[in-house]
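Quick notes on the structure that follows.
The values are calculated or read from the model by the stated rules, or taken from the named source; none is laboratory data. Just so you know, these numbers come straight off a predicted model, no measurement behind them. Heads up, the Cβs are rebuilt from the backbone with ideal geometry, glycines too, and the neighbour counts pull from every protein chain shown. These area figures cover heavy atoms from the full protein model, side chains too; ligands, DNA and RNA do not enter into them. Shrake-Rupley method; radii C 1.70, N 1.55, O 1.52, S 1.80 Å.
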Amino acid sequence: GKHRIVIPCLGHFKEEYEKVSKLYMNNKIRTTRYTLLNFLPRNLFEQFHRVANLYFLFLVVLNWVPLVEAFQKEITMLPLIGVLTIIAVKDGLEDYSRYKMDKKINSLVTKIYNR
């Protein structure tokens, strides 16, 4: 049947462990959704999947048409920008707290039992 090889990260096995460990994924926990590079585009993508945000965006775009213009163009953008900013800050803070919790869990000391 199937079997697995366990190489200890100790003493004279350390070099072999480093060679083999590069071939596999690490065992770290990652529950965050964003990175610094993808936060803004991914957050906006997620926010515009909400119908209310699409409605406000439609009103902003519609107000840029001269025949339909009801208010000043900048005033129509304020509610949408405000909502997007508040939600982005909330999502960023939640993701940062997840990052801190992941870091705490990944740095825990574990015990290995050996016969």
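Some notes on this structure:
- Taking 32 Å as the limit for the C-alpha separation, the pairs K14/K104; K22/K100; K14/K100; K22/K90 exceed it in the case of K22/K90.
- Solvent-accessible area, 1.4 Å probe, carbon plus sulfur percent, for the range 13-107: 69
- Probing with 1.4 Å while keeping every protein chain in the model, the per residue accessible area of the range 8-90 equals 85 Å².
- Positive-end extreme of charge dipole, the range 13-107 - chosen from I81, L23, Q47 (charges on Cβ): L23
- In the assembled protein chains, L54 presents an accessible area of approximately 80 Å² (probe radius 1.4 Å).
- Label sites at K103 and M25, each approximated as a point 7 angstrom past Cα along Cα to Cβ, lie 2.3 nm apart.
- FRET efficiency, L67 to Y96 (Cβ-Cβ, R0 41 Å, nearest 0.05): 0.35
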